[in-house]
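Notes for the one structure printed next.
The values are calculated or read from the model by the stated rules, or taken from the named source; none is laboratory data. Here the structure is a predicted model, which means the values were calculated and not measured. Ideal geometry is used to build each Cβ from the backbone, glycine not excepted, and the neighbour counts take in all protein chains shown. Please note that ligands, DNA and RNA were not included when accessible areas were found on the heavy atoms of the full protein model with its side chains. Shrake-Rupley method; radii C 1.70, N 1.55, O 1.52, S 1.80 Å.
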Amino acid sequence: MFNGRKLSALATAIATPTLSRRQFVLGASLIGSALMVGCRMDADDADNGDAPAAGAAVKPAADSPFEAYIAIAADGFVTVYSSQFDMGQNSYHGLATLVAEELDVALDRVLVEGRAGNPTWYGNLAMGGAFQLTGGSSSMPSSWERYRKAGAAARELLKQAAAKQWKVDIGELTTANGDVVHADGRRAPYASLIAAAAPLPVPGDVALKDAKAWTLIGKDETARIDARAKSDGTQAYTIDIRLPGMLVATVAHSPRFGGKVASFDATAAKAVPGVVDVVQISRGVAVVANNTWAAIKGREALQVTWDDSGAETRSSDTLFTEYAALSKQDGKVALQRGDAKAALGKAAKTLEATYRFPYLAHAALEPLNAVVHKDGERLHVHGGLQMPDAVQAACAQIAGVKPEQVDLHVMKTGGGFGRRAVADCDVFVEVTEIAKALAFRAPIKLQWTREADMGGGRYRPLHLHRVRVGLDADGKLSGWEHHIVGQSIMAGTPFEAMMLKDGIDPTSTEGVADTPYALPDIDVRVTHPVSPVPVLWWRSVGHTHTAYVMQTMLDEIATATAQDPVALRLALLPADARERAVLSLAAEKAGWSQPVAAGRFRGVAVHQSFGSYVATVAEVSKTADGGIRVERCVVASDCGTAINPDVVRAQLEGGTGFGLSAMLGEAIVLDNGAPTARNYDAYRVLRIDAMPSVEVHMLPSTVSPTGIGECAVPPIGPAVANAIFQATGKRVRDLPFRQA
């Protein structure tokens with residue numbers, strides 16, 4: 001769909017080439033619980049043979065709701081308009097599968113475009129539907145009924161059209177492979193029926209296929225719709241955008257978080273060939289040039305004096321020391337059940353541990369970028385739109401236009417992991433400020449460098465956990481005290497009023513405050529220190545550290561009480577806990593009941609995040625130089641109905657590698673308030689030769705799908721840590737492992 005071989009990358013991104021210039025459009029819109037479906041002639045698609053002009057927008061949500069989700073072109077291709085942004089997690093393929101299943105078309109006849117700018121149509125239903133957001137592993141839960149109903153409504157409408165043409169009862173018709181089929185063998189391609197379908201009333205209610213009739217959902221034989229473009233390099237990203245007259249900008253930010261521009265001298269920067277301007281914006285100084293290289297060299301020559309009076313100047317070690325002191329004070333109560341203090345007072349034995357988790361960067365492959373240009377009174381914004389409503393509002397305010405005058409161009413993106421869902425829309429605000437400073441005289445592409453991206457913050461917050469667990473004379477748990485210290489992600493954002501309750505950010509305590517384990521006496525507290533370091537959700541958010549603590553502490557308890565770690569967890573989990581099945585499955589597939597292979601050591605963890613359940617058994621070995629190598633990971637999951645099993649498998653494999661990378665080597669370390677790692681040479685992302693074999697097993701399920709993008713991350717770290725203990729006798733409580 002985004003075909004870089006035609007026109008510019010942007011033009012092909014917006015051209016929707018499979019939508020012919022003359023076509024009828026079928027669409028469906030679910031507003032609340034009412035499904036509205038209709039069809040109309042799209043006058044804008046007159047068959048004039050002209051390619052769309054570069055810079056023309058993907059049509060935003062228009063007046064008619066009938067454009068919301070599906071278009072069927074005269075050549076029979078179906079285009080699905082996605083409410084979900086695709087950053088490599090394959091949400092486009094998932095939505096294509098849902099529509100193709102109900103519409104009875106082959107997947108290779110379905111294309112997907114991102115759409116944004118109308119929360120009524122594209123609001124995230126899994127999050128209440130009030131705003132559009134891709135995140136929280138909610139793409140499939142939000143789309144599961146909405147897009148199936150859209151496909152089913154279009155299917156029934158086409159059958160109505162065929163019934164009218166053939167003068168038969170609609171009950172005599174079925175659909176198959178893009179055709180309406182009569183019982184007597186007559187067939188009519190969908191494309192031949194769209195004109196007849198156009199004036200018909202849209203069915204108000206439609207039946208979805210029974211699961212037994214599915215030919216695509218739950219099947220492994222579905223080649224991904226974007227595999228070819230990603231394989232041959234024609235997939236276009238924001239970084240590929242080229243517009244006539246476009247200028248490229250980079251920004252010099254304060255090396256310390258919270259620092260501001262005191263003054264700057266642009267003389268040397270402007271002397272760099274290709275540099276056309278230097279302008280101050282709210283978060284730094286932008287160098288604007290004819291090309292990326294000139295912009296970077298101009299920024300290097302730029303002289304800026306920073307005002308650090310409000311900047312962070314502490315080191316990571318200083319922060320950990322302060323956090324440790326805070327963990328010994330009273331915090332805000334996130335969970336209080338029974339009387340943990342009294343239980344611990346009676347305990348025959350106590351286990352105490354302090355865990356330290358560093359700041360983490362998202363480290364996505366494509367650094368932050370965005371493009372802005374103005375066409376008359378309309379502002380065009382291109383980029384990775386993970387939270388488009390916020391971008392639309394922020395850019396409109398800066399440009400001095402109404403939000404509905406901002407056309408959003410949704411681009412695929414090379415990785416996100418949470419980094420592109422930023423409440424203050426950092427990169428979009430910056431590029432609009434730069435364009436405004438230049439009086440919108442040219443399209444502007446703001447391209448952050450790798451160093452700017454990695455050193456620019458929005459990290460997973462640094463956290464410290466202090467835990468005290470009691471055991472009675474029979475080895476049973478007797479009290480659990482848990483204090484979490486870490487910056488709030490939500491505080492100071494538009495989400496604060498909605499998300500913080502009694503001063504507690506649930507993204508810091510999730511995975512502990514809602515623990516499924518039968519712990520009668522538990523006290524969980526949290527303290528949120530304040531720092532200018534900007535923090536953000538990072539793949540699986542708070543579960544990244546809470547699961548680690550819970551699952552390694554359970555392992556310590558198992559060791560202290562001479563219990564099998566799997567048996568201990570099963571004993572503590574309620575009978576109806578879905579963790580039980582995945583834990584048992586992972587243990588079975590890993591051969592837990594059998595001795596581990598010689599030279600290998602095994603650990604286990606199980607955790608629920610974003611409604612999905614994952615258990616991981618990790619096997620490690622000791623290397624000749626005394627190090628640890630992770631050899632094998634057996635992963636079992638329960639994410640409800642697996643729409644695309646191969647995508648689920650890929651997400652579980654990728655999530656395992658992502659979590660393992662953080663556990664083994666990733667850390668953003670502050671020195672005098674500045675991050676010391678600014679590229680992959682210093683920020684140790686897992687190398688391919690360190691990736692273990694990963695075996696994935698999925699529990700069969702008929703319940704609605706839950707998210708799969710994040711749930712493999714939490715259990716891999718503690719599973720490996722527990723295996724390391726078996727190998728070395730040492731507990732890993734300072735992350736990452738290779739710096740501990």
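Beta bridges assigned by DSSP with both partners in the chain are antiparallel in approximately 75 percent of cases. Between ASP339 and ALA195, the simple label model (points 7 Å from Cα in the Cβ direction) yields a spacing of 8.3 nm. Counting protein heavy atoms only, the chain has 52 percent of its accessible area on carbon and sulfur, 1.4 angstrom probe. Using C-alpha pairs under 8 Å with a sequence gap of at least 6, the mean separation divided by the residue count of segment 632-740 gives a relative contact order of 44 percent. Only DSSP H runs of four or more residues enter the estimate; each adds -39500 (n - 2.57), and after division by the residues of the chain the mean residue ellipticity at 222 nm equals -8500 deg cm²/dmol.
Of the whole protein surface, TRP214 contributes about 40 Å² of accessible area at a 1.4 Å probe radius.
Relative protection proxy for 378-384, 398-404, from highest mean packing down: 378-384, 398-404 (other beta-carbon atoms within 10 angstrom). Using the Cβ-Cβ distance between THR174 and GLU322 with R0 set to 56 Å, the FRET efficiency works out to roughly 0.25. Residue-normalised convex hull volume from the C-alpha trace of segment 247-337: 150 Å³ per residue. Distance between the C-alpha centres of segment 576-651 and segment 334-407: 29 Å, rounded to the whole angstrom. Among ASP240, ASP523, the sequence by solvent-accessible area, most first, with a 1.4 Å probe is ASP240, ASP523.
Rounded to the nearest 0.05, what FRET efficiency do LYS164 and GLU221 have when you use their Cβ-Cβ distance and R0 = 45 Å? After rounding, the FRET efficiency stands at 0.80. Based on every Cα atom in segment 618-740, Rg and the maximum pairwise Cα distance Dmax equal 16.2, 53 Å. Ranked by solvent-accessible area (1.4 Å probe, protein heavy atoms only, all chains present), the residues GLU221, GLU352, GLU579, GLU433 order from largest to smallest as GLU221, GLU352, GLU433, GLU579.
Inter-label distance, GLU588 to LEU351: 2.7 nm, where each label sits 7 Å from its Cα along the C-beta direction. Hydrodynamic estimate: the Kirkwood radius of segment 621-677 over Cα pairs, inserted into Stokes-Einstein at 37 °C and 0.692 mPa s, corresponds to D of 227 µm²/s. Take the Cβ-Cβ distance between ASP375 and LYS332 as r, set R0 to 35 Å, and report the resulting FRET efficiency rounded to the nearest 0.05. Computed FRET efficiency for ASP375 and LYS332 comes out at 0.10. Residue ranking by accessible heavy-atom surface, 1.4 Å probe, largest first, among LYS476, LYS346 comes out as LYS346, LYS476.
Amide H contacts of ARG525: ALA334, HIS482, HIS483, ILE484, each under 5 Å away and 5 or more positions distant or on a separate chain (H built 1.01 Å from N in the peptide plane; Pro and chain starts excluded). Determine Rg/Rh for the chain; Rg is computed over alpha-carbon atoms and Rh is the Kirkwood hydrodynamic estimate from the same atoms. So for the chain, dividing Rg by the Kirkwood Rh gives 0.99. Among the listed pairs LYS260/LYS501; LYS402/LYS445; LYS412/LYS436; LYS297/LYS402; LYS149/LYS374; LYS167/LYS209, those whose Cα-Cα separation exceeds 28 Å are LYS260/LYS501; LYS297/LYS402; LYS149/LYS374. Stretching ALA497 away from SER282 to a fully extended chain increases their span by 74.9 nm, per 0.36 nm per residue minus the current alpha-carbon distance. A straight chain from ALA518 to GLU404 at 0.36 nm per residue would run longer than the Cα-Cα distance by 35.9 nm.
A straight chain from SER693 to TRP214 at 0.36 nm per residue would run longer than the Cα-Cα distance by 169.3 nm.
Solvent-accessible area per residue in segment 424-531 equals 33 Å², computed with a 1.4 angstrom probe and all protein chains kept. By the combined test of axial Cα extent (at least 30 Å) and Kyte-Doolittle hydropathy (mean at least 1.0), none of the DSSP H helices of the chain qualifies. With contacts taken as Cα pairs under 8 Å and at least 6 residues apart, the chain reaches a relative contact order of 13 percent. Rolling a 1.4 Å probe over the protein heavy atoms gives segment 66-201 an accessible area of 30 Å² per residue.
Heavy-atom accessible area for ARG684, with the other protein chains in place and a 1.4 Å probe, reaches approximately 130 Å².
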